[in-house]
1. Any idea which residue in the range 353-370 is surrounded by the fewest Cβ atoms within 10 Å (Cβ to Cβ), counting only those that are of a type outside the set (V, I, T) and farther than 18 Å from L219 by Cα?
2. Would you please name the residue that is farthest from M365 (Cα to Cα), looking only at residues in the range 375-398 that are loosely packed, with under 14 Cβ neighbours inside 10 Å and basic (K, R)?
3. Being closer than 12 Å to D173 by Cα, over 12 Å from the mean Cα position of the chain (by Cα) and assigned to a strand (DSSP E or B) is the filter here; which residues of the range 229-263 pass it?
4. Look through G300, G314, G333, G326 and report the one residue that is closer than 20 Å to Y181 by Cβ and assigned by TED's automatic domain parsing to the domain that holds L222.
5. If you take just the strands (runs of 3 or more DSSP E) that sit entirely in the range 57-118, which of them hold at least 1 residues that are among the aromatic types (F, W, Y) and on the phi < 0 side of the Ramachandran plot?
6. Read through the list (1) buried (at least 16 other Cβ atoms within 10 Å of the Cβ); (2) in contact with a Leu (Cβ under 9 Å, 6 or more places away or on another chain); (3) touching a residue at least 60 places away in the same chain (Cβ under 8 Å); (4) of a type in the set (A, V, I, L, M), then give the number of the only condition that V99 fails.
7. Can you list the strands (runs of 3 or more DSSP E) lying wholly within the range 334-380 that have 1 or more residues being within 15 Å of W319 (Cα to Cα) and charged (D, E, K, R)?
8. Taking the range 365-390, which residues are in contact with a helix residue (DSSP H, G or I) (Cβ under 8 Å, 6 or more places away or on another chain) and among the β-branched types (V, I, T)?
Amino acid sequence: MIKKSNIVRLLCLAVFTAGAIEAAADTKTLTVTLKNPLNVRRADVPVVLQLKDVPFNVKDAVVRCEGREVASQIDDLDRDLHNDELAFVIDMDAKGKKVVTVDLYSEKQADRNYPRRTYGDMIMRDNKTKVKNGFRSYVHSVSAPEGVDVFHLLHHHGADFESELVAYRVYFDERQTFDLYGKYKKQLELETSQFYPDDKQLADGYGDDVLWAGKTVGLGALRGWDGEKPTMVSPVLSRGQRMVASGPVRTIVELTDEGWQLSGETFNMRQNVIIYAGHRDCEVHAWVDTPAKEVKFATGVINLNDKMYSDHRGLVGDWGGNWPNGAKDSIAGKPKIVVGLAVNVPEKYVDSEPTTEKDQYLYVMHTAGGNYLTYNMAFTCDKETFGYKDAKEWFAWMKQWKKELDNPVTVTIE
């Protein structure tokens, strides 16, 4: 039997210990005002807060709006063990305004088990696994000298990533092409399908590969430009891929190319490809380690030989059918999969729009005198029960997408 005096001591110790933990955690509260400049409702608007000016390493955060907690995530982008960004998505009414409070902590306060709305992984193949979506050798990063065939060592040939709407994978070779996985319904699938759904999963309504890119840019691959035509990302000393973050709010894949020789210069390039919850589009951010003022790059979409649209100011897209597995689908008599593709390059990075490429629609890009450029890419397909069913609808979406990219929700922090 515990004496009353001992119970009091235990209670006092518990209160003191809890108080000590609370006191040990540095805290900071931000008031964030969001304003939508457009007269249109916007769903799942990404908001990213930089943490570099917070006087401590942020290890936990709580985001609240209108009395409700908003799912968020904290990311260390450069592996220095100091978290760099806090991200969340939020719905905004037409011309709407929202005030969000963000409590930042230097120590973990609680487990944040937010619903996962994005996912990504990298998996190594092995000789024992015979089921095409049964591999379990997950890795965070891979880097190798040019010439090493990592493409076939990695299951699904590189990192894959998804939101509820769409999924992508990026090839680990000189093409660095994004392959596309279309979905019938809004759900996360890659953890179980591993980009190769089996017969049961297909019968249950899983998606599948929807584009054959060949050696073109496919959708949004970043290539070099030699003054006349696009080039592969080669020669390089080495290339790498890394899973920076895998949900719940966004997934980030990093691509690195060290010692890329292009247009008489040798430089390192790093790309971050980001997909947010509720989005079919991805952001592509690219940095070079020198200003590389004479170096130019290219991106765009494959020519689907049907309908295309360009505003000649950075937006290009097309609509049409293709066989995702190339000629063997045609020989087997399989129907074409219809896709809509889109790329938007901000005008400040647009150099030109060449018309010499018959197999693809391109924009040539530069770094605007600096060491950075960015663009966005998106797709739909006729598998979707929630998507766009003809070129007219897709091109209308593209134009609205560009308008929203050009008029972001404003973020004011107090």
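The values are calculated or read from the model by the stated rules, or taken from the named source; none is laboratory data. Since the model is a prediction, treat every value here as computed from it, not as a measurement. For neighbour counting, all protein chains shown are included, and Cβ atoms are generated from backbone atoms with ideal geometry for every residue, glycine included.
1. G369
2. So the residue we want is K389.
3. Listed by number, the residues that qualify are S238, R239, G240, Q241, T256, D257.
4. G326
5. The qualifying strands (runs of 3 or more DSSP E) are 85-92, 97-105.
6. (1)
7. none
8. The answer is T367, T374, T380.
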